[in-house]
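I have placed the structure first, in the form of structure tokens, so that the comments after it can refer back to it.
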Amino acid sequence: MKGAVVDRKTKETDIHIELSLDGGPADIDTGIGFFDHMLTALAVHGGFGLTVKAKGDLEVDCHHTIEDTGIVLGKAFAEALGDKSGIARYGSFYIPMDEALGFCSLDISGRPFLVFNAEFPEEKIGGYDSCMTEEFMRAFAFNAGITLHLSCIYGKNSHHITEALYKALAHALKAAVTPNESDKPLSTKGTL
């Protein structure tokens, strides 16, 4: 079973994450309803077991809670994948969400990078600031060691755009962690 348990406590947040790449229930509680919805979608569409318990300084705003959750989730993926042996490594996926079309392409390479191309017509989705989608994705990618490209091809509703991106990420991750025919990292160098 590939998985990880990661905790991180700062003066701004206290986050506990349990991740199973082999599946399981999703139990998410960050105090931000829409973010809980997105993390649940990430788990369900990725086929991951995911527990997230996050307490943050929501009296300030949602920034620290969302970004720090991305940090911890990224660390959990990095730990669960170890030396990245035996996985497909690459994944790409399109997700239509009503009028929005989201796309994700990623490489679990150990070389973190984010290319993010999306605009959000509404600044807020409930208690979730739309601009935090990019911040979460950056924190996740850099801590997981993933080269991550995300784009909203088109869309008019921030909820739909955001959901399409999270679900595209989920399906691309699902493809990338699929076992390959080798027990070695998929690399001409022999290591990632």
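Inside the stretch 77-101, residues that are over 15 Å from the mean Cα position of the chain (by Cα), buried (at least 17 other Cβ atoms within 10 Å of the Cβ), outside any strand (DSSP E or B) and at pLDDT 95 or above make up a count of 1. Being part of a loop (DSSP other than H, G, I, E, B) and under 25 Å from SER20 (Cβ atoms) holds for only one residue in LEU186, LEU165, and it is LEU186. Out of the residues in the stretch 159-192 that are among the hydroxyl-bearing types (Ser, Thr, Tyr) and either surrounded by fewer than 23 Cβ atoms within 10 Å (Cβ to Cβ) or without any contact (Cβ under 8 Å) to a residue 12 or more places away in the chain (or both), which is farthest from VAL115 (Cα to Cα)? Among residues in the stretch 159-192 that are among the hydroxyl-bearing types (Ser, Thr, Tyr) and either surrounded by fewer than 23 Cβ atoms within 10 Å (Cβ to Cβ) or without any contact (Cβ under 8 Å) to a residue 12 or more places away in the chain (or both), the one farthest from VAL115 (Cα to Cα) is SER182.
If you go through the stretch 1-15 and keep only what is in contact with a helix residue (DSSP H, G or I) (Cβ under 8 Å, 6 or more places away or on another chain) and either surrounded by fewer than 20 Cβ atoms within 10 Å (Cβ to Cβ) or touching a residue at least 60 places away in the same chain (Cβ under 8 Å) (or both), you end up with LYS2, GLY3, ALA4, VAL5, VAL6, ASP7, ARG8, THR10, GLU12.
Taking the listed residues CYS104, CYS62, the one that is within 21 Å of ILE161 (Cα to Cα), over 16 Å from the mean Cα position of the chain (by Cα), buried (at least 19 other Cβ atoms within 10 Å of the Cβ) and in contact (Cβ under 8 Å) with a residue 12 or more places away in the chain is CYS62, with no other qualifying.
The values are calculated or read from the model by the stated rules, or taken from the named source; none is laboratory data. Being a predicted model, the structure only gives us computed values, none of them experimental. With ideal geometry, Cβ positions are generated from the backbone for all residues, glycine too; neighbour counts draw on all protein chains shown.
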